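J.: Have a look at the structure that comes next, please.
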């Protein structure tokens, strides 16, 4: 079995962060989201991985390399533009050959990995007459934003629809799919949808219409599409809940660490109070500050004379003398400093699609 990982999206919902960085490389608990997916694929016993890349190809390749660090063999597949999930399968046809494969969306996060799902699919296929595809589903409150599945009484998939106005169920497709090579014929027959994309839901529907068996697994665990700041922070919270305390950096006698706090080698905590779960990255300085629960601070940052909680701070950012920050995502090399107490005018340098609130 092979794996196809999609890492070519533009990440418009994470702007302005994704103007300068691939959305799949935005870290949660100081590790890029994409890495969690690659580790899940490796743990499922898969070694050959094709990564579909787009405009951020160079950055993805620098971060992942040839896959050796993950125990994987990586092949990069260039997509000229995001043209739908099924288009990714289409351009990966030569790489995938006649092997079964798992397709994994690189900005998705699934607690517990995919090993059980992959093992089940392998066993069913090896026994003969198994499913031609298997999808993961989860119940959502508003299915209109997702691909939606309709099941029969046995759990077999009988219908799929992409972002329907009137959903037939509350079962949304999670970003992990398992396919036999039979899907390639369906993909080759697709026409662009109303979104001008080749929809993977249409390819799966083609399999169903041809009488092929498509199974489903409704997951009760945790899944998130980390495509927006709210979901990024929630995944960060979830991962931090499992960290074990570790202090390899310097913590002076005037500081207090409470709960599960990780201070990486080269980091310094001076005159500060840190309440976990928290990660303080290598080379970071926390001085005269409070760092509250569910905060990850990447390497080479500075938190000085400030308070921060339930937030993600990316590499090289500095926060100095600004009072309290919470529920925030601070980008790489960003500088946050206090404004004059009575400004005559506000001076702003903002990325595209930014949202700013300014007090009167």
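J.: Evaluate segment 263-277: report whether one residue or more is out of contact with any helix residue (DSSP H, G or I) (no Cβ under 9 Å at 6 or more places or on another chain) and either modelled with pLDDT under 95 or within 16 Å of residue 336 (Cα to Cα) (or both). If you could, list the steps in order and put the result at the bottom.
T.: Let us first name the residues in segment 263-277 that are out of contact with any helix residue (DSSP H, G or I) (no Cβ under 9 Å at 6 or more places or on another chain), namely 263-275.
Applying the additional criterion that residues be either modelled with pLDDT under 95 or within 16 Å of residue 336 (Cα to Cα) (or both) yields none.
Checked against the condition, which is being out of contact with any helix residue (DSSP H, G or I) (no Cβ under 9 Å at 6 or more places or on another chain) and either modelled with pLDDT under 95 or within 16 Å of residue 336 (Cα to Cα) (or both), segment 263-277 yields no hits at all.
J.: Looking only at residues that are assigned to a strand (DSSP E or B) and at pLDDT below 85 in segment 209-225, which one is surrounded by the most Cβ atoms within 10 Å (Cβ to Cβ)? Explain how you work it out, then say what you get.
T.: Filtering segment 209-225 down to residues assigned to a strand (DSSP E or B) leaves 214-218, 223-225.
The next check asks that each one be at pLDDT below 85; those that pass are 217-218, 223-225.
Details: 217: 18, 218: 14, 223: 20, 224: 22, 225: 17.
Ranking the qualifying residues of segment 209-225, first place goes to 224.
J.: OK, next. Which condition number does residue 76 fail, the rest of (1) within 20 Å of residue 23 (Cβ to Cβ); (2) within 19 Å of the chain's Cα centre (by Cα); (3) at pLDDT below 90 being met?
T.: Here residue 76 clears every test but (3).
A quick yes/no check of all residues on (1) under 15 Å from residue 218 (Cβ atoms); (2) in the same structural domain as residue 204 (by TED's automatic domain parsing); (3) under 26 Å from the mean Cα position of the chain (by Cα):
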position: 126; (1), (2), (3): no, yes, no
position: 137; (1), (2), (3): yes, yes, yes
position: 146; (1), (2), (3): yes, yes, yes
position: 151; (1), (2), (3): yes, yes, no
position: 161; (1), (2), (3): no, yes, yes
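J.: In this structure, is residue 238 under 24 Å from residue 315 (Cβ atoms), buried (at least 19 other Cβ atoms within 10 Å of the Cβ) and not assigned by TED's automatic domain parsing to the domain that holds residue 109? Full working, then the answer.
T.: Values: under 24 Å from residue 315 (Cβ atoms): yes; buried (at least 19 other Cβ atoms within 10 Å of the Cβ): no; not assigned by TED's automatic domain parsing to the domain that holds residue 109: yes.
Considered against the rule, which asks whether it is under 24 Å from residue 315 (Cβ atoms), buried (at least 19 other Cβ atoms within 10 Å of the Cβ) and not assigned by TED's automatic domain parsing to the domain that holds residue 109, residue 238 comes out as no.
The values are calculated or read from the model by the stated rules, or taken from the named source; none is laboratory data. What you see is a predicted model; the values in this text were computed from it and never measured. For neighbour counting, all protein chains shown are included, and Cβ atoms are generated from backbone atoms with ideal geometry for every residue, glycine included.
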